[in-house]
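Asks: Okay, handing you the structure first.
The values are calculated or read from the model by the stated rules, or taken from the named source; none is laboratory data. A quick note: this is a predicted structure, and the numbers were derived from the prediction, not measured. Using ideal geometry, Cβ is built from the backbone for each residue, glycine included, and neighbour counts are taken over all protein chains shown.
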Amino acid sequence: MTRIAIVTGGTRGIGLAITKALIAEGHKVAALYHGNDEAAQKCAAETGAKVYKADVADFAACQKVVAQIESEMGPVDILVNNAGITKDGMLHKMPEDNWHAVIETNLTSCFNMSRAVIAGMRERGFGRIVNISSINGQKGQLGQCNYSAAKAGMLGFTRALALESAAKGITVNAICPGYIATDMTSAMPQEVLDSIIRQIPAARMGKPEEIADMVTFLASDRAAFVTGATMSANGGQYMAA
């Protein structure tokens with residue numbers, strides 16, 4: 001069955017893989033982005049997704065873009081909260097702006113986007129929300145107090161919204177990727193990449209498509225009894241009970 005999906009940060013990296021995978025499943029995808037117009041147009045040309053520019057850290061902007069998407073594409077059935085940024089630094093040196101930017105883009109965006117679609121999902125008795133968290137939201141990471149806090153906050157948000165929504169046919173789940181091979185990680189110095197891979201029992205980085213496959217499962221009817229779950233995909237680097 002064709003459904004309407006929104007993927008935030010959906011034109012690059014893991015988000016682009018998710019956009020492609022949902023389209024391959026037969027869904028229509030609105031891929032949101034904030035800054036890179038060139039990547040957005042390339043995504044649209046390659047995948048057929050509709051791309052929309054919006055700041056997901058801004059509540060009013062989220063309301064506006066969701067209204068536009070629903071007007072042009074139809075009611076939203078699937079939301080993937082994938083947008084995120086990093087502004088790393090030790091806490092004792094971290095500017096206040098770097099804290100707020102990461103919290104608002106990575107965590108507040110989940111509220112903003114979910115708030116924009118949840119009422120419609122409840123009325124229709126169906127919805128799938130998938131939040132892309134991180135291994136560093138589970139275990140913490142040096143120099144990432146802001147990022148780790150935001151990604152950990154996504155997990156609490158996921159569980160609470162799952163409890164609120166289960167009786168209405170809406171599932172809410174989180175995925176915690178470990179280190180994934182994207183343009184961002186490929187730009188790291190080789191010695192840094194080697195040191196990261198040595199910490200991963202699987203002895204490699206993950207592929208964006210491996211995260212996308214998990215999203216398509218959670219977005220499907222096959223996952224109707226899975227909600228409030230945190231799924232890890234990190235090659236064994238961190239194993240949470």
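Asks: Would you check which residues across the range 40-84 are small (G, A, S) and either out of contact with any Ser or Thr (no Cβ under 9 Å at 6 or more places or on another chain) or closer than 24 Å to F217 by Cβ (or both) and list them? Before the answer, list the steps.
Replies: Step one: list which residues in the range 40-84 are small (G, A, S), which gives 40, 44-45, 48-49, 54, 57, 60-61, 67, 71, 74, 83-84.
Within the range 40-84, A45, G48, A49, A60, A61, A67, S71, G74, A83, G84 meet the criteria.
Asks: Which residue pairs have Cβ atoms closer than 8 Å, lie 6 or more positions apart in sequence or on different chains, and pair a first residue in the range 187-199 that is over 14 Å from N234 (Cβ atoms) and at pLDDT below 90 with a second residue that is surrounded by fewer than 11 Cβ atoms within 10 Å (Cβ to Cβ) and β-branched (V, I, T)?
Replies: As it stands, the answer is none, since no pair meets every condition given.
Asks: Let me ask something else. Name the residue, out of Q68, Q63, that is more than 15 Å from the chain's Cα centre (by Cα) and under 14 Å from T108 (Cα atoms). Before you say what the answer is, go through the steps one by one.
Replies: Values: Q68 fails: under 14 Å from T108 (Cα atoms).
Every option except Q63 fails the conditions.
Asks: Something else: Select from the range 92-125 the residues that are surrounded by fewer than 16 Cβ atoms within 10 Å (Cβ to Cβ) and assigned to a loop (DSSP other than H, G, I, E, B) and list them in ascending order.
Replies: If the condition is that a residue be surrounded by fewer than 16 Cβ atoms within 10 Å (Cβ to Cβ) and assigned to a loop (DSSP other than H, G, I, E, B), then P95, G125 are the ones that fit.
Asks: How many of the residues in the range 153-205 are touching a Pro at 6+ places or on another chain (Cβ under 8 Å), under 30 Å from I118 (Cβ atoms) and of a type outside the set (S, T, Y)? Don't jump to the end; show me each part of the working.
Replies: As a first pass, look at the range 153-205 and keep what is touching a Pro at 6+ places or on another chain (Cβ under 8 Å): 180-182.
Going one step further and asking which of them are under 30 Å from I118 (Cβ atoms), we end up with 180, 182.
When the remaining residues are screened for being of a type outside the set (S, T, Y), the result is 180.
Residues in the range 153-205 being touching a Pro at 6+ places or on another chain (Cβ under 8 Å), under 30 Å from I118 (Cβ atoms) and of a type outside the set (S, T, Y): 1 in total.
Asks: Which count do you get for residues in the range 9-51 that are buried (at least 20 other Cβ atoms within 10 Å of the Cβ) and at positive phi?
Replies: 2
Asks: Please enumerate the residues belonging to the range 230-241 that are free of Cβ contacts under 8 Å to residues at least 60 places away in the same chain and under 13 Å from V130 (Cα atoms). Even if it seems obvious, please write down each step before you answer.
Replies: Kept after step one, since they are free of Cβ contacts under 8 Å to residues at least 60 places away in the same chain, are these residues of the range 230-241: 231, 233, 235-236, 239, 241.
Within the range 230-241, just M231 meets the criteria.
Asks: Among the residues of the range 104-149, what is the count of those that are within 20 Å of Y33 (Cβ to Cβ) and among the hydrophobic types (A, V, I, L, M, F, W, C)?
Replies: Residues in the range 104-149 being within 20 Å of Y33 (Cβ to Cβ) and among the hydrophobic types (A, V, I, L, M, F, W, C): 9 in total.
Asks: Let me ask something else. Scan the range 59-86 residue by residue and report those that are surrounded by fewer than 17 Cβ atoms within 10 Å (Cβ to Cβ), on the phi < 0 side of the Ramachandran plot and part of a loop (DSSP other than H, G, I, E, B).
Replies: M73, P75
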